[in-house]
Structures are given as C-alpha cells and as structure tokens.
Amino acid sequence: MNQENTPSLWKLPEPTLRRLPWYLAFVKLLKARGEIRVSSTQIAREIGVDPSLVAKDLSFVNVSGKTRIGYEIEILITVLEDFLGFSIQHKALLFGVGSLGAALLQDSGLRQYGLQIVAGFDIRDELQDTSVNGIPVFHISQFPARQQTLDATIGIITVPVDQAQKVADHIIAGGVRALWNFTPFRIRVPEDVVVQNTSMYAHLAVMFNRLSLLNHTK
C-alpha cells in the first residue's frame, strides 16, 4: 500500500503528519530552555502557520490545551513521540552501502526517532563482514537468511537507480512490508507494502526552481 497514493485509507491527513515532527522539535527546544507550557500561538509563530491549524493538528493526537495556559510541554512531547512512533525502536535494514548508505549508517541520531538500522547489505564482496558505525554489513545474497533472525520491518533503499526495483522486489520477497526509498525511481509494490519516497534530487529541483524565480524577480 503506497501511502502517497491512498490517502483515504489514513485517518491522519498527510500535511498534518508532516507538521507534527516540527511541533515536536520546537517544544523539545522549549523544554531544554526550562519552559513548562506552550501555547498553540507560540508553536504557530515558530512554524509559520495559523494557530487554529496547530490546534486542529494536535486534536488528532488526543492532547488538549487549557485556555490561556496552553499545553504542558512534558505531556505534549510524550504524546507526540508515542503517536509518531518515535518512542518505539523499529528495526531496519539498509540496502546499498555507498556514500549515502554509509552516511545513514553513521547517523546515530536516527535512533532518537525510533529507527534502528541493524544491518547493511551490498553486492560488493569487499564489504562483506565489515561494519560501519558498529553496524554489520553483509553481501546481499545473505539477506533472506539474516532476515530470519533480524526480523526487520523496514527496508532502506540507497542503491543505484537502475537497481531500485530489483532490490525492492528482493526485500519484499524477504517479508519486509515498509520501504524507505532514497532513489529517484518510483518503485512498484504490492498493495500491502508501505512506501515512503525521499528523493533528494526532487527536493533539489524544487529549490533550484524557486531560486531561479527569485533571481528573475530582481
């Protein structure tokens, strides 16, 4: 099931889901400063949205603020982390230990958001039985056997674009039902598989286009 193409199956609107981590990051900063409460107006001012939208977004996570008092920051953080799945460690496997894949293996901060990469896989023999940031790397042919014990729920795809579909099929055949795709290729998956596409190239295209428009208005 591709969440980008089937929004009617999801209770939470995707724009709301994308804003909630921004709210969480802000209230964590407030907590670090010793703040105890925060209002929807404060959050809205920081994020750049209407206060009524913040209140509506937070209504989905079953947390309520008090008039003229706001939300208790400690409670809000806990509720948001639980709702977003950040408080539970989700085991993931990474496929394609190139420059991007290796960088993700080095990113220990992902664990703070509930993503624990437990192994990497690659086609290069020289990477077999090595490790990156303490995470073991295996030949991709070992994936089916390793998955039997690792029992990961997420597959991260950072392979060359011409290998994206083949690798995705291989991961799905191994029982993984959620894919985080970093390639610019739109992989095809069965209805019972969740895909999140994160193409840096697409975001670059948007940024370059906006920058070009700014330059032309000067």
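The values are calculated or read from the model by the stated rules, or taken from the named source; none is laboratory data. Note that the structure is predicted; figures quoted are calculated from it, not measured. Every residue, glycine among them, receives a Cβ derived from its backbone with ideal geometry; neighbour counts consider all protein chains shown.
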Checked 75, 156 against criteria (among the β-branched types (Val, Ile, Thr), outside any strand (DSSP E or B) and either out of contact with any strand residue (DSSP E or B) (no Cβ under 9 Å at 6 or more places or on another chain) or within 26 Å of residue 23 (Cα to Cα) (or both)); the one match is 75
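Here's the yes/no breakdown for (1) touching a helix residue (DSSP H, G or I) at 6+ places or on another chain (Cβ under 7 Å); (2) among the charged types (D, E, K, R); (3) touching a residue at least 60 places away in the same chain (Cβ under 8 Å):
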position	(1), (2), (3)
124	no, yes, no
188	yes, yes, no
192	no, yes, yes
202	no, no, no
212	no, no, no
### Query
Mind checking whether some residue in the stretch 172-194 is part of a helix (DSSP H, G or I) and either modelled with pLDDT of 95 or more or assigned by TED's automatic domain parsing to the domain that holds residue 18 (or both)?
yes
Subset of the stretch 134-163, residues in contact with a Ser or Thr (Cβ under 7 Å, 6 or more places away or on another chain) and either surrounded by fewer than 16 Cβ atoms within 10 Å (Cβ to Cβ) or not β-branched (Val, Ile, Thr) (or both), comes to 161
(1) closer than 17 Å to residue 14 by Cα; (2) at pLDDT 95 or above; (3) not aliphatic (A, V, I, L, M) all hold for residue 59 apart from (2)
Residues of the stretch 123-145 being touching a strand residue (DSSP E or B) at 6+ places or on another chain (Cβ under 6 Å) and part of a helix (DSSP H, G or I), in sequence order, are 127, 140, 143
Flagged in the stretch 18-50 as surrounded by fewer than 17 Cβ atoms within 10 Å (Cβ to Cβ) and touching a residue at least 40 places away in the same chain (Cβ under 8 Å), in numbering order, are 21, 28, 31
